[in-house]
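Some notes on the structure that comes next.
The values are calculated or read from the model by the stated rules, or taken from the named source; none is laboratory data. Note that the coordinates shown come from a computational prediction; the quantities given were computed from them, not determined experimentally. Don't worry about glycine lacking a Cβ; one is built from the backbone with ideal geometry, like all the others, and counts go over all protein chains shown.
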């Protein structure tokens, strides 16, 4: 599946590029991502599918445990459940 940032998500980035705060406009609590989580956020662009996101992370981070793909899938599901990301084909609706 191809994901994009949610249309109702505000983003604030710290001076360092590895930290970003997100707030869905219907929520009262921000979500702060750093390190690999922030890297995943940056890879979500409405063009890359989950395999492309994983490939981008593998290029930047070592996956010694071999669990990167599973962890990325769970993380993307969590972002979707919080309405921070949405399927790219649904964004056009």
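I want to confirm something. Restricting to the range 24-41 and keeping residues that are surrounded by fewer than 16 Cβ atoms within 10 Å (Cβ to Cβ) and not in a loop (DSSP other than H, G, I, E, B), which single residue is modelled with the lowest pLDDT?
Filtering the range 24-41 for residues that are surrounded by fewer than 16 Cβ atoms within 10 Å (Cβ to Cβ) and not in a loop (DSSP other than H, G, I, E, B), the one modelled with the lowest pLDDT comes out as 34.
Against the condition within 20 Å of residue 13 (Cα to Cα), in contact (Cβ under 8 Å) with a residue 12 or more places away in the chain and surrounded by fewer than 16 Cβ atoms within 10 Å (Cβ to Cβ), how does residue 60 come out, does it pass? Spell out how you get there, then give the answer.
Details: within 20 Å of residue 13 (Cα to Cα): yes; in contact (Cβ under 8 Å) with a residue 12 or more places away in the chain: yes; surrounded by fewer than 16 Cβ atoms within 10 Å (Cβ to Cβ): yes.
Here the answer is yes, as residue 60 does meet what is asked.
Summed over the range 8-23, residues that are at pLDDT 95 or above and in a loop (DSSP other than H, G, I, E, B) total 1. Report yes if residue 53 is touching a residue at least 60 places away in the same chain (Cβ under 8 Å), in contact with a helix residue (DSSP H, G or I) (Cβ under 8 Å, 6 or more places away or on another chain) and under 14 Å from residue 85 (Cα atoms), otherwise no. For residue 53, the condition - touching a residue at least 60 places away in the same chain (Cβ under 8 Å), in contact with a helix residue (DSSP H, G or I) (Cβ under 8 Å, 6 or more places away or on another chain) and under 14 Å from residue 85 (Cα atoms) - is not met. Checking the stated criteria, residue 76 turns out to be assigned to a helix (DSSP H, G or I), crowded, with 16+ Cβ neighbours inside 10 Å and in contact (Cβ under 8 Å) with a residue 60 or more places away in the chain.
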